Amino acid sequence: MRMLIVMALDPSGRGMVLPTTVVSRFFSGNWSDLSDYLEGLDQTGQDEAAEAIRLTRDSKMPTRNEESARTVLTYMPDGDYLTAVEIVLYADIRLRNVDPYLAAINGICKRRGVPYRLTRGGAFEWVGDPLTETEVLAPALSALDDPRLAGAPQDEFTAARAAMREGKPQSYQHAVAMACNAVESGLRVLLAQHGQQVPAKPELGQLLKACRAADLFPKSTNGKGMPVEHLLGAPGRFGNERGRHGAGEEPHDVQRDEAEAVVASAAVALTLIARRLPAQ
């Protein structure tokens with residue numbers, strides 16, 4: 001899949017953009033050579049990617065050897081790979097129409113289930129799987145365009161998505177934290193927009209309690225069923241246990257699929273919050 005995207009960097013199909021080109025531009029100004037890059041991966045907790053490259057590379061000079069360049073591009077973390085592609089795109093998009101890149105690269109991502117999409121500005125954004133993209137993320141992004149949510153809730157949710165695209169162990173923890181913050185910020189906006197007092201200690205539990213007391217949430221049928229607070233509070237409850245506060249004696253490692261679930265859950269919560277805002 002990654003090599004297909006590299007091929008798509010040359011819409012003419014003449015093979016003018018090679019793996020060595022992508023690696024060279026990525027290294028330029030950032031890393032002196034491959035050893036320097038691998039050491040950087042080790043130091044940032046990405047030693048599995050570094051070891052995969054060490055075990056399979058065919059050359060110590062991936063900026064000159066195509067096979068070695070392919071190996072680096074194949075095993076480097078998602079965030080670094082996306083950045084490498086963006087660097088090449090940035091140089092060409094200024095001179096060319098972006099549409100051929102969008103059609104080719106996003107077509108590959110959709111067909112292969114890659115959770116990223118290229119924007120018209122030449123940057124990749126995390127969108128999740130196809131169902132998440134259309135049924136969960138799109139409504140949330142539309143909801144966050146509401147000027148009342150365009151401050152902290154939108155900024156924090158954008159930061160969560162940016163962390164997801166980095167593909168690093170610590171970035172998943174950050175994605176969880178920012179997704180939880182976005183929901184709490186959304187609840188504060190909801191209370192304020194309905195003329196309700198925001199709790200002095202605006203933590204998740206207190207915010208949900210204040211919203212319930214103000215009748216901002218629908219009641220369960222006949223007092224049964226799952227109240228909506230369970231849905232709105234899901235991201236924060238996970239975050240409070242994993243990834244949001246200090247680890248203490250237990251490490252707070254967050255896996256990619258867990259972070260994806262939390263960010264998607266936050267998107268659902270933000271959409272529901274937007275629908276509970278008073279009509280303008």
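The values are calculated or read from the model by the stated rules, or taken from the named source; none is laboratory data. Here the structure is a predicted model, which is why all the values come from computation and not from measurement. Cβ sites come from the backbone with ideal geometry, for glycine too, and all protein chains shown count toward neighbours.
Considering the stretch 201-253, and only residues there that are among the acidic types (Asp, Glu) and at negative phi, the residue that is modelled with the highest pLDDT turns out to be Glu203.
All conditions in (1) touching a helix residue (DSSP H, G or I) at 6+ places or on another chain (Cβ under 7 Å); (2) under 14 Å from Gly239 (Cβ atoms); (3) of a type in the set (Gly, Ala, Ser) hold for Gly167, with the sole exception of (2). Taking residues in the stretch 50-62 that are of a type in the set (Val, Ile, Thr), and partners anywhere that are at pLDDT below 90 and part of a loop (DSSP other than H, G, I, E, B), not one pair has Cβ atoms closer than 8 Å while being at least 6 places apart or on different chains. Identify the residue in the stretch 128-138 that is free of Cβ contacts under 8 Å to residues at least 24 places away in the same chain and not charged (D, E, K, R) and, among all such residues, is surrounded by the fewest Cβ atoms within 10 Å (Cβ to Cβ). By that ranking, first place goes to Leu131. Tell me whether the stretch 158-173 contains one or more residues that are among the aliphatic types (A, V, I, L, M), in contact (Cβ under 8 Å) with a residue 40 or more places away in the chain, in a helix (DSSP H, G or I) and in contact with a strand residue (DSSP E or B) (Cβ under 7 Å, 6 or more places away or on another chain). Yes, the stretch 158-173 has at least one match.
In this structure, does Leu141 turn out to be crowded, with 21+ Cβ neighbours inside 10 Å and modelled with pLDDT of 95 or more? Criteria not met by Leu141. So is Gln196 modelled with pLDDT under 95 and surrounded by 14 or more Cβ atoms within 10 Å (Cβ to Cβ) or not? Criteria not met by Gln196.
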